[in-house]
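Q: First the structure, which I've put down as C-alpha cells, then a few questions once you've had a look.
The values are calculated or read from the model by the stated rules, or taken from the named source; none is laboratory data. Quick caveat: nothing in here was measured; it's all calculated off a predicted structure. Neighbour counts run over all protein chains shown; Cβ positions are idealised from the backbone, glycine included. Quick note on the areas: whole protein, heavy atoms, side chains included, nothing else; ligands and nucleic acids left out. Shrake-Rupley method; radii C 1.70, N 1.55, O 1.52, S 1.80 Å.
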Amino acid sequence: MSISTRKNTQQVQIGNIKVGGKAPIVIQSMTNTDTANIESTVKQVMELADAGSELVRITVNNEEAAAAVAQIRQQLDDNGYSVPLVGDFHFNGHKLLEKFPDCAQALGKFRINPGNVGKGAKRDLQFQQMIECAVKYDKPVRIGVNGGSLDQSVLTRLLDENRQKSEPEELSAITREAIIVSALESAAAAESYGLGKDKIILSCKISNVQELISIYQQLAERCDYALHLGLTEAGIGSKGIVASSAALSVLMQQGIGDTIRISLTPEPGAARTKEVIVGQEILQTMGFRSFTPMVIACPGCGRTTSDYFQKLAMDIQSYLREQIGMVSQDPYLFNGTVAENILYGNVEANQEQMRKAAIAAHADDFVKSLPRGYDTRIGERGVKLSGGEKHRIAIARTLLKDPPILILDEATASVDTETELKIKEALTSLMARRTTILIAHRLSTLEGADRILVIKSGKLVESGTHGQMINNKTEYAQLFRSQMHL
C-alpha cells in the first residue's frame, strides 16, 4: 500500500518549528513536573529535547506555575535549548495570561481545551479573553478537545437534535460528532476574535483507537487546520505503545496529521523520554522521517531449551486476568447475541446465572423488549444498542465473571443523566463485596469510596474520604463544588 499524499493544511509557526503545510511531522512531549519547580522542569524539558522532542508542553495551572514560565524559558535559552514551550491552560488561563504577561510572551503556543475553559456564559468570555491574549502576543493556539472533558453544552445540543430524527443515530456517533463540532466551532470563534487560520492547530483526542481514527478522518475532510494527533491515556508499557502505533499509523498513512504525541504512562522509575523515542520510531518505521540507524534483530529460536520463565510469565498474566474485571467508558461487545456477550464473562455459567447477572445489571427489562430477547444479535461493537444499554451488558458480563478486583474506568463519562443513573444502580450491585478501583472525572461517582486519590499532572496531590476533603480548600473540594454548581 502506498502512502497517501499529505493533506495540505495551514502552516503554523511555533517558535523555530513549522507545523503543517507539508512540513515534516513534528514530535511533541509533555513534562510531568510541577511547573513552579523551575529546576526540575528545566531539567526535564532539556532531557525531552535531547531525546528529540521538538515541542514540549508544560502545565500552567496556577499563579506559581505562570510566574515560573519566563524563568524556565530564560534558563533553557542560557543552556542553548530553543525548543518551544506549549502552555497547557484550563479554566483560569485567562486570568493567568493577563496577570503574567511574561508567561504569555515566553510561551511558543497556548493549548486550550474548550471543555475546561469554564461553564455557561463564562466559558465563551474566558475563551475569548485567552484568544485575544494569543492575538496580542502573536502566539498560535492548539484547540484541544478531549473525549473525557467534552463540552457538555455541545453534546447536549446534538443529543437533543438527534432525538428529533426519525431514525436517531447511536450515542457513539453523536459523541464523535460533538467532539468534532466542539473543535470546529471553537476554531471559528477564535477566528472571529482575530486569530488567523495560520495560528490554529486542532486536536480531538479520545482513548479508543477506532473512534480516534474515525474522528480525525472526518475532521480532516471538514477543515484545513493543522492537526495534532494523539491518543489520550494510551496506557503503560507495551499497551500504550501498541495503541498509539495502531491509531497514529493508520491516520498518517492516509496523509492526516502534522504533529504527534505518544501519551505513555511512564513505568515506575522509567524516563519520561520514552514517549519521544517511541514517536521517533513510529515516524521512522513508517518512512516519514529518519532519526537514527534502525537495528533488526532475531527474536530467538529453538536453541533456547528452557521454557521456565515463559511459563511463569504466562501463569502470572493468566492469574491476573482472572482476578480482575473491568468496565470501561467504551465497553467492547462482539457481533453475537446478547446472551453470548454476557456469557463471555464466564463460559461455564448456565442460562439462569446469566439471567440473574442481567437482572442485577438492570439490563433484563430492555433485553426482553428486543426482537428476540437474549437471542438478539447486537452487531459489531454492539452497534444496535444505545450507549447505556451497552454499558449494562458489559456490567452483566462482569457480574457473571465475579472477579475479586473491579476497575471502573470512566464508566459513565459519555452518557446522559438518565442513563447515568441507571448505570450507577447497576454498578452498586457490581461493586458489592469486592475491591473496586474507580477512575472518574465525574466526582459524584466517588462520594462513597473508602479512599479517594487525586492525581494532578501525574502526581498524587491529595487523598482521603469525600467527607474529609469536601470541607477543606482542596483541589477535590473545588472540583466537586464546580461540578455540582455549589
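Q: Explain nothing, just the number: relative contact order of the chain, from Cα pairs under 8 Å at least 6 residues apart, as a whole percent.
A: This gives 12 percent for the chain.
Q: What's the Kirkwood radius of the stretch 90-133 in Å, using all Cα pairs?
A: On the way: mean 1/r = 0.0955 Å⁻¹.
Across the stretch 90-133, the inverse of the average 1/r is 10.5 Å.
Q: Same structure, new question: By what distance, in whole Å, do the Cα atoms of the stretch 1-72 stretch along each of the three principal axes, largest value first?
A: Taking the Cα atoms of the stretch 1-72, the three principal extents are 48, 23, 19 Å.
Q: Size of the dipole of the chain about the Cα centre, Lys and Arg at +1 and Asp and Glu at -1 on the beta carbon, nothing else charged, in debye to 20?
A: Details: 54 positive and 56 negative charges, 43 e Å.
The dipole of the chain has a size of about 200 debye.
Q: Taking the simple approach of a point 7 Å from Cα along Cα-to-Cβ for both Lys43 and Glu475, what is their distance in nm?
A: It is 2.1 nm.
Q: A further question follows. For the stretch 1-145, just list the percent of Cα-Cα distances falling in each 5 Å bin from zero outward, please.
A: Final binned percentages: 2, 10, 19, 22, 19, 14, 8, 4, 2, 1, 0.
Q: Using 7 Å Cα-to-Cβ label points, what is the Gln71/Ala246 separation (nm, one decimal)?
A: 4.5 nm
Q: Another question, if that's okay. How big is the antiparallel share of DSSP beta bridges in the stretch 1-147, given as a percent to the nearest 5? Show your work: numbers first, answer last.
A: Details: 3 of 17 bridges.
Expressed as a percentage, antiparallel bridges in the stretch 1-147 total about 20.
Q: Okay, moving on. Once R0 is set to 25 Å, what does the formula 1/(1 + (r/R0)^6) return for the Cβ-Cβ distance between Gln468 and Ile437, expressed as a FRET efficiency to the nearest 0.05?
A: 0.85
Q: Give the shape of the stretch 131-269 as rounded, prolate or oblate, defined through the alpha-carbon gyration tensor: a ≥ b ≥ c are the square roots of its eigenvalues, a/c under 1.5 means rounded, and otherwise the shape is prolate if a/b is larger than b/c and oblate if not. Please list the in-between numbers first.
A: On the way: a/c = 1.77, a/b = 1.09, b/c = 1.62.
Verdict is oblate for the stretch 131-269.
Q: So what's Rg/Rh here for the stretch 359-412, counting alpha carbon atoms and using the Kirkwood radius for Rh? Walk me through the intermediate numbers first.
A: Working: Rg = 11.7 Å, Rh = 12.0 Å.
Ratio of gyration radius to Kirkwood radius: 0.98.
Q: Ok, one more. Under 5 Å between amide hydrogens, which residues at least 5 positions from Met30 or on another chain qualify, with H placed 1.01 Å from N in the peptide plane?
A: Close amide H contacts, sequence-distant or interchain: Arg57.
Q: OK, next. Taking H placed 1.01 Å from N in the peptide plane, check which residues at least 5 places from Ile14 or on another chain put their amide H under 5 Å from its amide H.
A: Excluding prolines and chain starts, which carry no amide H, the hits are Val19.
Q: Residue separation times 0.36 nm, minus the C-alpha to C-alpha distance between Thr376 and Glu281: what's the value? All intermediate terms of the calculation are to be shown ahead of the outcome.
A: On the way: separation 95, 0.36 × 95 = 34.20 nm, distance 4.45 nm.
Full-extension gain reported as 29.7 nm.
Q: Sequence-distant or interchain residues sharing an amide H contact under 5 Å with Ile437, placed H: which?
A: Distant-sequence amide H within range of Ile437: Leu406, Ile407, Leu408.
Q: Identify all lysines with a Cα-Cα distance to Lys122 below 17 Å; exclude those on the same chain that are fewer than 8 residues away in sequence.
A: Qualifying lysines at Cα under 17 Å: Lys95.
Q: Something else: Given Lys136/Lys197; Lys401/Lys424; Lys422/Lys473, which pairs have Cα atoms separated by over 21 Å? Before the final figure, lay out each step's value.
A: On the way: Lys136/Lys197 15 Å; Lys401/Lys424 19 Å; Lys422/Lys473 32 Å.
Flagged as over cut-off: Lys422/Lys473.
Q: Points 7 angstrom from Cα along the Cβ direction at Asn62 and Val135: gap in nanometres?
A: Inter-label distance under the simple model: 3.3 nm.
Q: Per residue and in Å³, how big is the convex hull formed by the alpha-carbon atoms of the chain?
A: Working: hull volume 88.0 nm³, N = 486.
Roughly 181 Å³ of hull volume per residue.
Q: For the stretch 96-197, with all protein chains present and a 1.4 Å probe, just round the carbon and sulfur fraction of the accessible area to a whole percent.
A: On the way: 2060 of 4370 Å².
That share works out to 47 percent.
Q: Normalise the Debye intensity by I(0) for the stretch 97-174, one equal point scatterer per Cα, no solvent, then take log10 at q = 0.15 Å⁻¹ and round to two decimals.
A: -0.64
Q: Rounded to whole Å and sorted largest first, list the principal axis extents of the Cα atoms in the stretch 432-486.
A: 32, 25, 19
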